[in-house]
Structures are given as structure tokens and as C-alpha cells.
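The values are calculated or read from the model by the stated rules, or taken from the named source; none is laboratory data. Since the model is a prediction, treat every value here as computed from it, not as a measurement. Here Cβ is always computed from backbone atoms with ideal geometry, including for glycine, and neighbour counts include all displayed protein chains.
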Amino acid sequence: VTSGYDVVVAGGGPAGSVCALVLARAGARVLLCERGRRGTFGGGESLPAAARPLLRDLGLWEAFTADGHLPSYGSRSAWGAASLAGHAAVFDPYGHGWLLDRPRFDAFLRAAAVASGAVLSGGVGAESACWTVDATGRTAAVARRLGARRVEDDRAVAVVQRYAAAPGDVDATTLVEAVRDGWWYTARVPSGERVVVYVTDPDLPASYDVSSTRHVFGLVAGCAPLGPAVRVPARAGRLVPYSGSAWLAAGDAAQSFDPLSSQGILTALFGGLAAAEAVLSGDVDAYAARLDTVRATYQRNRLLYYATEDRWPDAPFWRRRRSVPPAGFEPAAHGLGNRCSIP
Ligand SMILES: Cc1cc2nc3c(=O)[nH]c(=O)nc-3n(C[C@H](O)[C@H](O)[C@H](O)COP(=O)(O)OP(=O)(O)OC[C@H]3O[C@@H](n4cnc5c(N)ncnc54)[C@H](O)[C@@H]3O)c2cc1C
């Protein structure tokens, strides 16, 4: 058992790195444990423009914008109809979002945490500290060892295929297309690749047949696939409870979201900050109340968006996710945002 740290942060993704950075800047002795991401999931993830004020407050904005991520100018979606409808970032008060080089983004945040005084190490061992923050992602590895359990909203999986982007492919949007057994999205990533993702349920025929799509296929027809398609978990859910004696969970370890929302990274950044504040104040009840509010808003919006796709009322994928939208909901006024504007 080693000691000498006030806080051990397990997991150096967005939530863990921001948490470690804020704690270290507040004078805490922080050990940030990152075992190295297994596999190479790069989901063509986008960071919504709403991340701008947070990155500014953390003093990271200038360096982030110089780090080679691609501007994202909104989304186009065939959702509720076979034809594509657009949502332009020009209508977003924060401006455009970003198509991330995810490994680079994570390394950037970890380096910022280390520059702030956190000590970086490998996997979580038997370190002792006053507090442990579990930021290990959906696995919630530490919290589950401490007796917490995950409650899953669905059992979604994502089948991810990377392509060498077509020469002249300068598309700066994310394209979303609903189909009978799930939905597809595709986006370019800064490395010159285009990522195509099929989100479905594991009990449905999940063969990756991009040629069956009406819109996505047009962006990768003739492009060389890079390696085989990879299947990754995409389940939404939460941890019960969010915290315990001298530990709390942050980011996906606390709550993971439907990939349709494209809000996981943004919420993980804010969650890392909130977790650090909870450790500093000791007020874990306020922290849990904050997470409950985020989850309630997310769940409401998720139902609303799934309710707007009614072309396959009997198909299990949609039946499992649909409900009647409340009075006054106008999908056209909301758009599908940055994939979709939840919350
Ligand atoms: C198909 C798909 C598409 C998505 N698209 C988007 C999108 O467009 N925009 C968006 O914002 N979000 C998106 N997300 C969600 C996003 O990927 C997550 O919400 C985000 O990565 C959560 O950050 P985190 O820091 O909580 O966890 P993670 O990013 O999962 O980081 C956890 C870290 O902990 C480390 N770790 C795990 N176990 C241990 C251990 N025992 N010891 C030490 N380290 C450990 C891992 O290596 C990892 O680096 C998508 C998710 C999926 C599945």
C-alpha cells in the first residue's frame, strides 16, 4: 500500500483528467491512474460547442483550438423521414463544435492534469488515499469492486468501421440515418479517416451492411475499409449509488448516455469538475442531486427524440425506446443538433 495522496483518480479519460486537474490546482496531492485505453475505439465523436466556456474557464481553450481537431458545422439526419434534414451550427449561440481526434484529446487533458501537479501512473493498484474517484468509464471498475451496481437503460451495441476518407471528402457534419433495427452515423475524423457506426441491439440482426443505407453509403462507397468492423458496448445507464464512503464516480462511470445524444464527453468534462468540487467540499449529496437532474433531463429528451421516429412502430429497436411525446413538443424547433440536442 502506498500513500501520500489525498485523492486517487482512477481513469484518465475526460472526466478523470479534468477532476485531477481541478483538484491538483486546489492544492490536493492527486494520483491519476490510466492503464492505457484497450482497443482503438474512435467513434467519430463530436464535442458540442457548449464545451467552449468550460475549456476557457479551465484555461485550456487556446491550446485545444491549436490541437488539430476538425470544426463541426452541425448534423444532417434522416430521422422520422427518409430524406435528410439539416441542423446548422450557425444557429448555435456557442458557434461550431468539433470532430475530435479522441486519443489526442485525451492525451491533451492528461498532460494538462500533470502540468497542474497531478502524478500520472498506470492501472489502479492498492493505493490508499482519503478519496477515490472512479472515472474508469462504463465499466465503473472501482465502484463495482466497492459494491455499487449499474442499472442499464438499454443493451445497445455499436459496430464501428473506419475507412480512408474519399479524396475531396471535406464534409464537416455528422450524418445520422435511422433504419428498422437501429440507426447509423458517420463523421470524418482528423486523421484523414471517416468513421461509420451502426447502433443496434445485440439480439437484432447486427450485420454491418452499409450498402443497405440510403445516405451513409454515399459517403463511403469506394472507400477502403481500415481493418475489420469492431463491436463495442454503447449501453446507456447509471451507477447505483453514485458515491459511497470516501469514493464517488464521475463521467461514464456514473452515467452513460445514448450515443444519439453526443453529450458523453461534454458531460464527462463537467462531471469531472463537479466531482472535484464535491471532494473539496465533502458535499456528495449535492453532487448526487446534480447528477439526478442531468439524468432526468437526459431521459426526458431521449424519449422525445425516439418518439419522433415512427416509421417502424412494431420493430423491437424502436418499440423499446418510444413513448408518446408530451404536449407542446415540436421536434422541428429542436432539430437533431449536434447529432441531437440532448439536453
Ligand atoms: C458509439 C459511441 C459514440 C459516441 N459518440 C459521442 C460523441 O459524438 N460525443 C460525445 O461527447 N460522446 C460520445 N460518446 C460517449 C463518450 O465516448 C463517453 O461519454 C466519454 O468517453 C466518457 O468519458 P469518461 O472520461 O467518463 O470515460 P472514458 O472516456 O471511457 O475514460 C475512461 C478511462 O479509464 C481508463 N480505465 C479503465 N479502467 C481502468 C483501470 N482499472 N485503471 C486505470 N484506468 C482505467 C480507460 O483506459 C479510459 O482511458 C459515444 C459513445 C459511443 C459508445
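Brief remarks follow.
- Test: residue in the range 305-316 that is among the charged types (D, E, K, R) and within 16 Å of the ligand (Cβ to nearest atom): no
- Answer residue from the range 308-339, given it is at pLDDT 90 or above and assigned to a helix (DSSP H, G or I) and is farthest from residue 181 (Cα to Cα) among those: 319
- Test: residue in the range 254-276 that is over 18 Å from the mean Cα position of the chain (by Cα) and surrounded by fewer than 24 Cβ atoms within 10 Å (Cβ to Cβ): no
- Selected residue [more than 19 Å from residue 276 (Cβ to Cβ), crowded, with 20+ Cβ neighbours inside 10 Å and within 12 Å of the ligand (Cβ to nearest atom)] from 110, 145, 138: 138
Per-residue answers, yes or no, for (1) surrounded by fewer than 18 Cβ atoms within 10 Å (Cβ to Cβ); (2) away from the ligand (no atom under 15 Å from the Cβ); (3) closer than 30 Å to residue 8 by Cβ:
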{"position": "122", "(1), (2), (3)": "yes, no, yes"}
{"position": "150", "(1), (2), (3)": "yes, no, yes"}
{"position": "155", "(1), (2), (3)": "yes, no, no"}
{"position": "159", "(1), (2), (3)": "no, no, no"}
{"position": "165", "(1), (2), (3)": "no, yes, no"}
{"position": "169", "(1), (2), (3)": "yes, yes, no"}
{"position": "173", "(1), (2), (3)": "no, no, no"}
{"position": "204", "(1), (2), (3)": "yes, yes, no"}
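- When residue 240 is tested against (1) over 20 Å from the mean Cα position of the chain (by Cα); (2) away from the ligand (no atom under 15 Å from the Cβ), only condition (1) is not met.
- Residue 241 vs. criteria of a type outside the set (Ser, Thr, Tyr) and at pLDDT below 95: no
Residue by residue, here is whether (1) at pLDDT below 95; (2) over 23 Å from residue 234 (Cα atoms) holds:
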| site | (1), (2) |
| --- | --- |
| 110 | no, yes |
| 117 | no, yes |
| 124 | yes, yes |
| 129 | yes, yes |
| 136 | no, no |
| 174 | yes, no |
| 189 | yes, no |
